[in-house]
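What follows is a single structure, written as structure tokens, with notes after it.
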Amino acid sequence: MDLFKASVFSLFGVLLLFFLYPLLLLIYLGWGSLAAALSTGSFLQSLGLTVLISTAASLAAVALGIPTAYVLARHEFRLKELVDVVIDIPIVMPHTVVGLMVVLAFVAYGLGPSLNALGIKIIDALPGAVIAVSYLSATYAVRTIESAIRLLDPELENAARTLGAGPFRAFLSVVLPNIKGAIINGALLSWARSVSEAGALLVVAYYVIVGNASIYPASIYIYQAYIGLGLNEAVKFSAALVTFVLAVFFAYRLAVRYVGAKRS
């Protein structure tokens with residue numbers, strides 16, 4: 001192996017180790033107490049709340065992301081570059097600032113008075129949590145779906161229109177079936193990003209009031225365990241959360257392989 005390849009693979013190994021070592025150490029140290037974490041009622045409530053918030057945010061991201069991605073991939077218009085920047089803004093925003101933005105737009109000003117009049121609560125409530133994590137996760141759905149649409153030959157849509165299909169029918173019959181993998185990937189990326197959110201939730205929904213109970217999102221539950229009970233307790237619940245998320249991703253990968261093998 002020449003010097004160039006040795007250098008490249010060495011740096012590749014360093015980055016891989018940088019990613020894997022903390023993760024594997026966390027799982028190793030927390031594995032023995034995984035059953036204890038998953039039998040803790042308050043943690044299961046927290047995990048259930050997080051799954052609910054993340055799933056709602058992911059569905060919203062995909063529902064809004066598909067038409068947005070289509071417009072960006074298929075149409076040219078004035079200020080398109082500015083729109084591209086706007087779509088990427090959530091990636092570079094400090095998450096606590098996003099939380100404050102949600103409070104300003106949906107509580108103190110903007111839509112706040114109208115939502116309050118309708119009895120829709122934002123602070124320490126499910127709608128506020130979903131709005132906050134949707135803001136931060138929608139970009140991942142948009143960009144994943146947009147890339148797939150760009151790779152799809154526009155002539156396929158044109159052929160459908162030549163055969164009498166309208167724009168909407170062509171979109172449903174040609175575009176959607178060909179980008180369904182990207183839609184699922186975008187939804188999963190958005191979901192995973194939502195599961196990991198903490199900063200915005202610290203501001204908007206440090207806990208969510210459900211009936212008479214106050215339930216922490218999983219990331220905040222772990223933070224509370226760390227500052228209140230110490231590192232070992234935080235590791236226990238962190239390992240459980242990471243194991244759950246990885247299980248979801250591995251299950252998806254296996255399902256994709258199974259479906260692909262069945263079709264072939």
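Bear in mind these aren't lab numbers, they're just calculated from the coordinates by the rules spelled out. Treat the numbers as computed from the prediction; the structure is a model and nothing was measured. Cβ sites come from the backbone with ideal geometry, for glycine too, and all protein chains shown count toward neighbours.
Using alpha carbons only, how many angstrom separate the centre of segment 1-46 from the centre of segment 66-129? Centre-to-centre distance over Cα atoms comes out at 33 Å. Across segment 137-145, rounded Karplus estimates of 3J(HN,Hα) from the backbone phi angles (6.51 cos²θ - 1.76 cosθ + 1.60, θ = phi - 60°) give 10, 4, 4, 5, 5, 4, 5, 5, 5 Hz, Gly and Pro being marked x. When the Cα positions of Phe237, Leu176, Ile122 are compared along the charge dipole of the chain, Leu176 comes out farthest toward the positive end, with charges on each C-beta of Lys, Arg, Asp and Glu. Sparsely packed loop sites in segment 51-115 (the trypsin sites (Lys or Arg not before Pro) outside DSSP H, G, I, E and B with at most 13 other Cβ atoms within 10 Å) comprise Arg78. Rounded to the nearest 20 debye, the dipole size of segment 108-264 about its Cα centre is 500 debye, using +1 on the Cβ of Lys and Arg and -1 on the Cβ of Asp and Glu.
Counting only the backbone N, which residues of segment 119-155 are under 18 Å from the spot 7 Å out from the Cα of Leu52 toward its beta-carbon? Those under the cut-off are 120-134. Between the exposed loop cleavage positions of the chain, defined as chymotrypsin sites (Phe, Trp or Tyr not before Pro) in a non-H, G, I, E, B DSSP state with at most 15 neighbouring beta-carbon atoms within 10 angstrom, the longest gap is 110-264.
Residues in segment 10-31, backbone N under 18 Å from the label point at Phe250 (7 Å along the Cα-to-beta-carbon vector): list them, ranges by number please. The answer is 20-31. Extension gain, Asn212-Ile123: 0.36 nm per intervening residue step, less the Cα-Cα distance, totals 30.5 nm. Charges were assigned to the Cβ only: +1 to each Lys and Arg, -1 to each Asp and Glu. The resulting dipole of the chain about its Cα centre is roughly 600 debye.
Across segment 11-16, computed HN-Hα scalar couplings (Karplus, 6.51 cos²θ - 1.76 cosθ + 1.60, θ = phi - 60°) run 5, 4, x, 4, 5, 4 Hz from first to last residue, x flagging Gly and Pro.
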